[in-house]
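Below is one structure, written out as structure tokens, with a few remarks after it.
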Amino acid sequence: GIPYWKYIRDLYKKLAEDVGWKVRQTLAYSIHELAIILGTEITQTDLVPIFDSYIKDVDEVRMGIVSNLTKFLKILSLDYRRSYMPKLNDFLKMDNQR
């Protein structure tokens, strides 16, 4: 993990809940990179709840999650990865069928 995460965690969570979908979209497309930096334990406690909320977000945000899904899941423990198996169908449901 990184020693300064505790100082920016609250800011990251605030940005993750921003009303503007473009802000959430930016974080969705890069959450896997932050997970790589933070490691398994912090990712599971701090990023998984955000990741889970993005699964149910607007398509523009969800595409960020889907595009880097394997990279994010690779950081998680095997038990956490298994918990996503039943949820994979949710990733495929788009609001706007393009």
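The values are calculated or read from the model by the stated rules, or taken from the named source; none is laboratory data. For clarity, every value in this text was computed on a predicted model and none was experimentally measured. Glycine also receives a Cβ, built like all others from the backbone with ideal geometry; neighbour counts cover every protein chain displayed. For accessibility, only protein heavy atoms count, side chains too; no ligands or nucleic acids. Shrake-Rupley method; radii C 1.70, N 1.55, O 1.52, S 1.80 Å.
Quick notes on this one:
- Nearest-10 value in Å² for the accessible area of Val61, using the 1.4 Å probe: 0 Å²
- Here the stretch 1-43 exposes an accessible surface that is 59 percent carbon and sulfur, computed with a 1.4 Å probe and the other protein chains kept in place.
- Scalar couplings 3J(HN,Hα) for the stretch 10-22, obtained by applying the Karplus form with A = 6.51, B = -1.76, C = 1.60 to θ = phi - 60°, are 5, 5, 4, 4, 5, 5, 5, 9, 4, 5, x, 5, 5 Hz; x denotes Gly and Pro.
- Tensor-based shape of the chain (alpha-carbon gyration tensor, a/c under 1.5 rounded, otherwise prolate or oblate): oblate
- Count, lysine Cα pairs under 19 Å in the stretch 5-98, 8 or more residues apart or across chains: 10
- Segments 30-43, 74-87 sorted - mean Cβ within 10 Å per residue, highest first: 30-43, 74-87
- Mean accessible surface per residue for the chain, computed with a 1.4 Å probe while every protein chain stays in place, in Å²: 64 Å²
- Distance (nanometres) between label positions extended 7 Å along Cα→Cβ at Tyr29 and Glu17: 2.5 nm
- Whole-Hz couplings from phi, Karplus 6.51/-1.76/1.60, listed for the stretch 77-89; x for Gly and Pro: 5, 4, 4, 5, 4, 4, 5, 7, 4, x, 7, 4, 4
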